[in-house]
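The values are calculated or read from the model by the stated rules, or taken from the named source; none is laboratory data. Not measured: the values here are computed from a predicted model. With ideal geometry, Cβ positions are generated from the backbone for all residues, glycine too; neighbour counts draw on all protein chains shown.
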Amino acid sequence: MEIEQIMVGNMAVFSYLLSCPRTNEALIIDPAGNEEDLAARIKKKGLTLKYIVNTHGHADHTCGNNKMKALTGALTAIHRADNDIMVTAAAQAMARQMGFDPASAADITLTEGDTLTIGDESVTVIHTPGHTPGGICLLAEGNLFTGDTLFVGAIGRTDLPFASHQQFMDSIKNKLLNQPDETKVWPGHDYGPVPSSTIGLEKQHNPWLRQLA
């Protein structure tokens with residue numbers, strides 16, 4: 001699997017382009033800004049974008065869905081719990097208020113253990129509620145795409161609507177820290193001293209995780 005980490009938008013969001021070298025099928029995670037540049041990059045690499053996957057329903061991660069779908073024809077996918085919240089009138093109004101394009105309902109709703117396939121490669125859904133009810137991480141060949149669940153040296157917020165700190169910490173402890181230490185951590189924002197980490201390093205150095213490891 002080929003992985004490209006790309007910063008997009010104006011909130012230091014990391015988008016990820018994952019592709020199969022043999023078939024050139026691809027998926028993109030959280031393309032929340034610079035959609036035309038992303039689409040041009042995908043075309044230049046000769047890739048066929050199959051899925052647009054959101055790690056959760058917050059507008060800073062979903063605002064590129066509609067444009068990216070129009071540019072590529074890919075299917076959008078998000079956990080069903082966040083899909084239900086994302087399309088409410090209140091959530092759409094809040095997105096507009098923040099200057100974001102509200103996302104339409106997803107083509108595919110995901111749940112724990114679902115697998116998305118691109119050519120010879122597969123990506124598995126890990127449901128990690130807490131930041132949002134439908135927050136997910138994505139696991140592919142020892143690579144963990146953690147959205148706003150786990151950052152380098154930090155964790156996501158739990159002081160927002162629909163969040164739960166206890167549920168969030170349970171998700172991290174029971175779903176992420178049980179991954180092998182060498183598992184690569186690819187966060188949803190560039191908030192840390194380096195753009196990526198590992199589970200082992202986060203156990204050692206992330207102050208929020210020391211009590212859980």
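For A140, only one of the following conditions fails: (1) buried (at least 16 other Cβ atoms within 10 Å of the Cβ); (2) modelled with pLDDT under 95. What is its number?
Here A140 meets the rest and fails (2).
Within the range 13-24, identify whether any single residue is surrounded by fewer than 20 Cβ atoms within 10 Å (Cβ to Cβ) and either in a strand (DSSP E or B) or of a type in the set (S, T, Y) (or both), and answer yes or no.
Within the range 13-24, one or more residues are surrounded by fewer than 20 Cβ atoms within 10 Å (Cβ to Cβ) and either in a strand (DSSP E or B) or of a type in the set (S, T, Y) (or both).
Given the structure, is V152 within 22 Å of P31 (Cα to Cα), in contact with a Pro (Cβ under 8 Å, 6 or more places away or on another chain), surrounded by 14 or more Cβ atoms within 10 Å (Cβ to Cβ) and among the hydrophobic types (A, V, I, L, M, F, W, C)? Even if it seems obvious, please write down each step before you answer.
Working: within 22 Å of P31 (Cα to Cα): yes; in contact with a Pro (Cβ under 8 Å, 6 or more places away or on another chain): yes; surrounded by 14 or more Cβ atoms within 10 Å (Cβ to Cβ): yes; among the hydrophobic types (A, V, I, L, M, F, W, C): yes.
When the stated conditions are applied, V152 passes them.
Across the range 76-100, what is the number of residues that are touching a strand residue (DSSP E or B) at 6+ places or on another chain (Cβ under 8 Å) and among the β-branched types (V, I, T)?
Of the residues in the range 76-100, 2 are touching a strand residue (DSSP E or B) at 6+ places or on another chain (Cβ under 8 Å) and among the β-branched types (V, I, T).
Restricting attention to the range 1-12, which residues are in a loop (DSSP other than H, G, I, E, B) and under 16 Å from M68 (Cα atoms)?
To start, the set of residues in the range 1-12 that are in a loop (DSSP other than H, G, I, E, B) comprises 1, 9-12.
If the condition is that a residue be in a loop (DSSP other than H, G, I, E, B) and under 16 Å from M68 (Cα atoms), then G9 is the only one that fits.
So in the range 183-196, with the set limited to residues that are crowded, with 16+ Cβ neighbours inside 10 Å and free of Cβ contacts under 8 Å to residues at least 60 places away in the same chain, which one is farthest from L139 (Cα to Cα)?
Out of the qualifying residues, it is G192.
Can you pull out the residues in the range 173-182 that are buried (at least 17 other Cβ atoms within 10 Å of the Cβ) and under 14 Å from A140 (Cα atoms)?
L176, Q179
Which one of these does N34 not meet: (1) closer than 21 Å to K184 by Cβ; (2) of a type outside the set (G, A, S); (3) more than 13 Å from the chain's Cα centre (by Cα)?
(1)
If you check T132 against the conditions, is it crowded, with 21+ Cβ neighbours inside 10 Å, over 15 Å from V53 (Cα atoms) and of a type in the set (S, T, Y)?
yes
Quick one: what pairs do we get from the range 152-165, first residue within 22 Å of Q204 (Cβ to Cβ), second part of a loop (DSSP other than H, G, I, E, B) and of a type in the set (D, E, K, R), C-beta under 8 Å, 6+ apart or different chains?
Partner pairs satisfying both residue conditions: G156/D148.
At pLDDT below 95, aliphatic (A, V, I, L, M) and surrounded by fewer than 24 Cβ atoms within 10 Å (Cβ to Cβ): does that describe A91?
Here the answer is yes, as A91 does meet what is asked.
Condition check ((1) in contact with a Leu (Cβ under 6 Å, 6 or more places away or on another chain); (2) part of a helix (DSSP H, G or I); (3) on the phi < 0 side of the Ramachandran plot; (4) among the charged types (D, E, K, R)) across all residues:
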| residue | (1), (2), (3), (4) |
| --- | --- |
| K69 | no, yes, yes, yes |
| A90 | no, yes, yes, no |
| A95 | no, yes, yes, no |
| D101 | no, no, yes, yes |
